[in-house]
Amino acid sequence: MAPIARLLLLALLPTALTISSGSGDGYTINGRVKIPQGLGTKGFALPGKTSNVKVILNGGQIVTYLRPDGYFSFQNIPAGTHLIEVAAIGYFFSPVRVDVSARNPGKVQAALTENRRGLSELVLEPLRDEQYYEIREPFSIMSVVKSPMGLMVGFMLVVVFLMPKLVENMDPEEMRRAQEEMRNQGVPSLASLLPGGGRN
Amino acid sequence: MAIRSFFLFILFFSSSLSPVFSLYEDQVGLMDWHQQYIGKVKQAVFSSQRAGRKRVVVSTEENVIASLDLRHGEIFWRHLLGADDVIDGIDIGLGKYVITLSSGGSILRSWNLPDGQMVWESSLQGPKHSKSFLLVPTNLKFDKDNVLVVFSNGRLHAISCIDGEVLWKKDFEAESFEVQQVIQPPGSDLIYVVGFAASYQFEMYQINAKNGELLKHESASFSSGFSGEVSLVSTETVVALDSTGSILLTISFQDGKISSQQTPISNLVEESLGPAVIIPSSVSGIFAIKTDAVTVFIRVIGEGKLEVVEKTTHEIAVSDALSISEDQEAFALIQHASSEIHLTVKLAHDWDGNLLKESVKMDRQRGLVHKVFINNYIRTDRSYGFRVLIVMEDHSLLLLQQGEIVWSREDGLASIIDVTTSELPVERNGVSVAKVEHNLFEWLKGHMLKLKGTLMLASPEDMAAIQSMRLKSSEKSKMTRDHNGFRKLLIVLTRAGKLFALHTGDGRIVWSHLLRSLHKSEACQSPIGLNLYQWQVPHHHAMDENPSVLVVSRCGPSSDAPGVLSFVDTYTGKELSSLSLDHAVVQVIPLPYTDSTEQRLHLLINADKHAHLYPKTSEALSIFKREFLNIYWYSVEDQNGIIKGHALKCKCTGEVADEFCFDTRDLWSVVFPSESEKIVATVTRKLNEVVHTQAKVVADQDVMYKYISRNLLFVATVAPKGSGEIGSVTPEESWLVAYLIDTVTGRILHRVTHHGLQGPVHAVFSENWVVYHYFNLRAHRYEMSVIEIYDQSRADNKDVWKLVLGKHNLTSPISLFSRPEVITKSQSYFFTHSLKAIAVTSTAKGITSKQLLLGTIGDQVLALDKRFLDPRRTVNPTQAEKEEGIIPLTDSLPIIPQSYVTHALRVEGLRGIITVPAKLESTTLVFAHGVDLFFTQLAPSRTYDSLTEDFSYALLLITIVALVAAIFVTWRLSERKELQEKWR
């Protein structure tokens, strides 16, 4: 049960410019995390529960959380190239490379590092949802039959019901000879197996 | 040999590409446990909501803000802020928002109280660094909007509580002004900012809370200067100490006029006390000063007159004031008495009358009370009841109510420094297995239920019964050693200096011990726990001895502070002995030798490079002397970029005749050029790692010999410019150099330079390979590389004729002084996530294939098969290589959600992953710690040597019964047939 990778169409929203030059010594990166409804609803991660989603800049330099509408921002960011990661249980997000340009502030330069797709604005969506558990296969006759015990029982049934059929189809001459031989050896009986209980 | 080949066969059989660690949802909690903690509480605010569940919001030293259930101490919600995002203050605004000020007062956030959703976040800048204050005035309104008052970075802000907008701001740019208090008297529209300027000037600013206008600015100078903090005794009076700590200054600024009074402490207290400090508290009219021995409570009466109300030599903790009615304030006071603590709740204006006086029995292992937070509730008879939240020395959090501990949380476990394991006692006679299994009928019933479960015939009630049966199987939490080695004790040392023993079966605390040697004392002012070592692991001889661990600690933060050793019995948690050393401990080297009582020999290196041998017995010394010339070690000076190799020289030549002290000599040194390389990571193999075989059979019946040496050191250096944050350098001026160094000879066996790479580097070393994780600036992705090192000198041993004729060199001695002929193979792959920790699975005999355990930035632990990091991977492997199990090369490593060891859980604030082999070869125990703890069992190649948890014994039994029945039936039938045959 590999999770199906779903590439989502980029939802174009008219809002949210990505980078704005802030006051003071740095820039501000604004963005939005969008977790589509319907994705992962059957899972354990509650849909729409964004309070535990973390947005991480440069491998832990700054950690922030999402506002109720999914927006986040990093303030006082120096110009340069940065990496944004989203940590959300139940979803797989690609890290995003964001270039903050000192020359023309406000210019958006963002790309998913997993598939090198450029983003026209910083709207981050999961590439796929993550299913952490194996799904139990529903009960089927085949799975029982395939199990070692099933095979043993099956073999036994074959011996019990098909062997007599085979014996019947045998040539009567041969049959008699075989029976003759068997009588000479004696019928293996449980009693004969017991110590001292042999009849012959 | 047959068993080995059988294992190999099984390994081959079970090596399929599907994720090996995978779990069904109903198996959660069977072999793993997860515990959530918050860390030492810094500040607590009680939610005053009348309706709904009672909660308390806390901020901690682990940068956690959490909302706890006041009734049971459970976590409603919790957020871990970034490592640099230290929380300065928390409060509750409008009864429904939790306001946090963090990062030195530059980030203000608001969280929804019921569910912990962040509501808004604003960034506060200012002209200079300063103390920060967060005030939430209840009655200060601004267009129907409540206002927050924040002083941070030398600027006063008024901020809307609803959306975090800054309403006005006012700078305090005066160069030397140091803010001490920000006061908002209730019922007025004024804000007072008081502080010191140039350390002898008292400054007071009166500000209009409506618009930030400066109304008044007064200052007065005190020639004696100030020291320490100030205590606010009323909304318009503060008390400070002069620079000598012997004169109290009572400064009042009523109506914007500064007036002051000086009172020498000696006037109040007869005997001389020495320099005192003010204990910050907010109780009106009363403050406390503390000297080395005594704590004095002083009341302010009228115009700066002071009066001593109580003097105590007990350890004491005071809470902040709690206003219980219009003009009454209460506060809590906790005093220690031998095994009890005395809690008193007093009214601020009436010291002698106690509202409440209770004694609570307190476990000595919790140490002193560090913090007290008070809250009140209305009893059914409309009188006031009080509950207090106390933070203890071991970082635990307790709620006291009506003379009892209602709940307690062991939050010391959120800050683990080091982990080791210990075996449990061997099962004694008399404890029979039958006790556990009840009786055969119960056992069979259980298995019938399980069978029903696997056949998907069980009803929901049955399913619930199965689940509870599995979870509470008493087998896994027994206090004795088990056959498979799954049950062990995890011994953890926390930052508070407390040692805990956790049971691997269910994670419960078996014992805990606050180390006496880590207690603050005259000789040792600020002890810090450093490391844990296995001191005594009895197995062959000395079976009657209990195992013990060695705790190495140090008095103070600098590395030349004297060390302290303590020895703790791991069965009982008793401190056997402790040693205060007269030398520092820079390095501890556990030697591979033990004495007759199975005590391991340890070599402690001090700051002057003398080596000290422990235990100090003559037997240990004689063992040590025998191996004197075989002991080598290395040291890393990462500031200077030097790695040095050392060996022992002779007895100490100093004035003290100590036969356990040895001089050392430097053998070699590797100096990295400081302008181009900076050491960021060094790793070696784990000391106790077991390697099953040196030979590796590759495709075409070829053999490669792994270069297995315990003395290999992996060192990674980066360009000094590239040691900062990601994106701070361009790919052209950044590089990473990886070295493999032999630590006995100092020979560099392998060196590789990667251009355009940057740290942080996380690396793990096992057998003959090293895997390291770093950032690739060109591709702007994380990467992982593997280096495998093979011994070429044995490569020609493949020839059978040579073996037959005895010309092989298999038995020739290996010496590190002869230049080894080695070849290395390496390969790199992309990896999606940042890492926090990396580890590798370890098993008892090293037969089972390995998995890498990656602690990702999302606080999850991912198991990745080592076969994905095999330098012999090619895009199109040949048929033979495929049979060997080589995976076709891809540019990035796969992340399979089912192979997350932590499944749907997070180990919040992950810091380390520890793997311990179980006795069962297929299984390894994994313990991940951070703010949370997580433990599980892992079988990297599936459990090929034991039946799985859900193996159905009932099905087996039924099959056997059916077969036996069938034998009888057929026998009867055949006999009857024979009889008929005879009659015929």
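Annotations for the structure displayed:
- Taking every residue in A:78-90 and counting other chain Cβ atoms within 10 Å of its Cβ, the average works out to 5.
- A dipole drawn for the range B:834-948 from +1 and -1 charges on Cβ atoms has a positive end, and of B:LEU905, B:ALA928, B:TYR944 the residue lying farthest that way is B:ALA928.
- Packing-based order for B:222-231, A:163-172, B:355-364, using average beta carbon neighbours within 10 Å, highest first: B:222-231, B:355-364, A:163-172
- Annotation: extensible slack from B:ASP582 through B:THR597 equals 2.8 nm (criterion: 0.36 nm per residue apart, minus Cα-Cα distance).
- Residue separation of B:GLU340 and B:ASP506 scaled by 0.36 nm, minus their Cα-Cα distance, works out to 56.7 nm of gained length.
- Legend: ranking of residues B:TYR707, B:TYR533, A:TYR27 from fewest to most surrounding C-beta atoms inside 10 Å; resulting order B:TYR533, A:TYR27, B:TYR707.
- Long pairs among B:LYS445/B:LYS919; B:LYS609/B:LYS686; B:LYS649/B:LYS686; B:LYS257/B:LYS357; B:LYS520/B:LYS686; B:LYS498/B:LYS721, criterion Cα-Cα beyond 32 Å: B:LYS257/B:LYS357; B:LYS520/B:LYS686; B:LYS498/B:LYS721
- Estimated dipole of chain B in Debye, rounded to 20 [Cβ of Lys and Arg +1, of Asp and Glu -1, Cα centre]: 3100
- Span-rule helices in chain B, defined as complete DSSP H runs reaching 15 Å or more along the axis (Cα) with Kyte mean at least 0.0: B:2-14, B:953-983
- Taking 7 Å steps out from each Cα toward its Cβ at B:GLU545 and A:ILE135 produces label points 5.7 nm apart.
- FRET efficiency for A:ASP69 and B:ASN112, using Cβ-Cβ distance with R0 set to 22 Å, rounded to 0.05: 0.95
- Calculated FRET value between B:ASP462 and B:ILE405, using beta carbons and R₀ = 41 Å, to 0.05: 0.55
- Positive contributions from Lys and Arg (+1) and negative ones from Asp and Glu (-1), summed over other residues with Cβ under 13 Å from the Cβ of B:LEU108, come out at -3.
- The label-point distance for A:MET163 and B:VAL697, in a model that sets each label 7 Å from Cα toward Cβ, rounds to 3.8 nm.
- Positive-end residue of B:SER223, B:ILE838, A:PRO148, charge dipole of the protein assembly as shown with Cβ unit charges: A:PRO148
- Mean projected area of the convex hull spanned by the Cα atoms of chain B, taken over all viewing directions: 56.2 nm².
- Taking every C-alpha pair closer than 8 Å and separated by at least 6 residues, the mean separation divided by the residue count of the range B:236-391 gives a relative contact order of 13 percent.
- Spatially close lysines, pair count over the range B:42-164: Cα under 24 Å, gap of eight or more or interchain: 6
- Cα coordinate range in the protein assembly as shown, projected on the principal axes (Å, largest first): 131, 76, 69
- Cα-centred dipole magnitude for the protein assembly as shown, charges only on beta-carbon of K, R (+1) and D, E (-1), debye, nearest 20: 3120
- A straight Cα-to-Cα reach below 20 Å connects B:LYS216 with the aspartates and glutamates B:ASP171, B:GLU173, B:GLU175, B:GLU178, B:ASP189, B:GLU203, B:GLU236, B:ASP255, residues fewer than 8 places away in its own chain not being considered.
- Candidates B:ILE726, B:HIS483, B:VAL969 compared by Cα position along the dipole of chain B: farthest toward the positive end lies B:VAL969, with charges placed on Cβ.
- By the rule of a second cysteine Cβ within less than 4.7 angstrom, chain B holds isolated cysteines at B:CYS161, B:CYS650.
- Surrounding net charge for B:ASP870, when Lys and Arg each add one and Asp and Glu each subtract one, Cβ distance under 14 Å: +4
- Under 27 Å of direct C-alpha separation, and excluding same-chain neighbours fewer than eight residues apart, B:LYS982 reaches these lysines: A:LYS165.
- Percentage relative contact order, the range B:834-948, counting C-alpha pairs under 8 Å, at least six apart: 28
- Low-density loop positions, GluC sites (Glu not before Pro), the range B:51-150 - DSSP coil, at most 13 other Cβ in 10 Å: B:GLU74
- Using the rule -39500 (n - 2.57) for each DSSP H run of four or more residues, divided by the residues of the protein assembly as shown, the 222 nm mean residue ellipticity is -3500 deg cm²/dmol.
- Number of partner chain Cβ atoms within 10 Å, mean per residue of B:106-113: 2
- Residue order, fewest to most beta carbons within 10 Å, for A:MET152, B:MET784: A:MET152, B:MET784
- Take each residue in B:722-729, count the other chain C-beta atoms within 10 Å of its C-beta, and the mean is 5.
- If you take all other residues with their beta carbon under 11 Å from the beta carbon of B:TYR634, and give Lys and Arg +1 and Asp and Glu -1, the sum is -2.
- Neighbour-count ranking [beta-carbon atoms within 10 angstrom, fewest first] of B:ARG109, B:ARG976: B:ARG976, B:ARG109
- In this simple spin-label model, placing a label point 7 Å from the Cα along the Cα-to-Cβ direction at both A:SER101 and B:TYR384 gives a separation of 6.4 nm.
- Under 13 Å from the Cα of B:LYS825 - aspartates and glutamates, other chains or at least 8 residues apart: B:GLU788, B:ASP791, B:ASP870
- Computing FRET efficiency as 1/(1 + (r/R0)^6) for A:ASN115 and B:ARG984, where r is the C-beta to C-beta distance and R0 is 60 Å, gives about 0.15.
- Cα-centre dipole for the range B:834-948 with unit charges at Cβ (Lys and Arg positive, Asp and Glu negative), debye to 20: 160
Rule-based calculations on the coordinates, nothing more; no lab input. Since this is a predicted model, take the numbers as computed values, not measurements. Glycine gets a Cβ as well: all are built from the backbone with ideal geometry, and neighbour counts include every protein chain shown.
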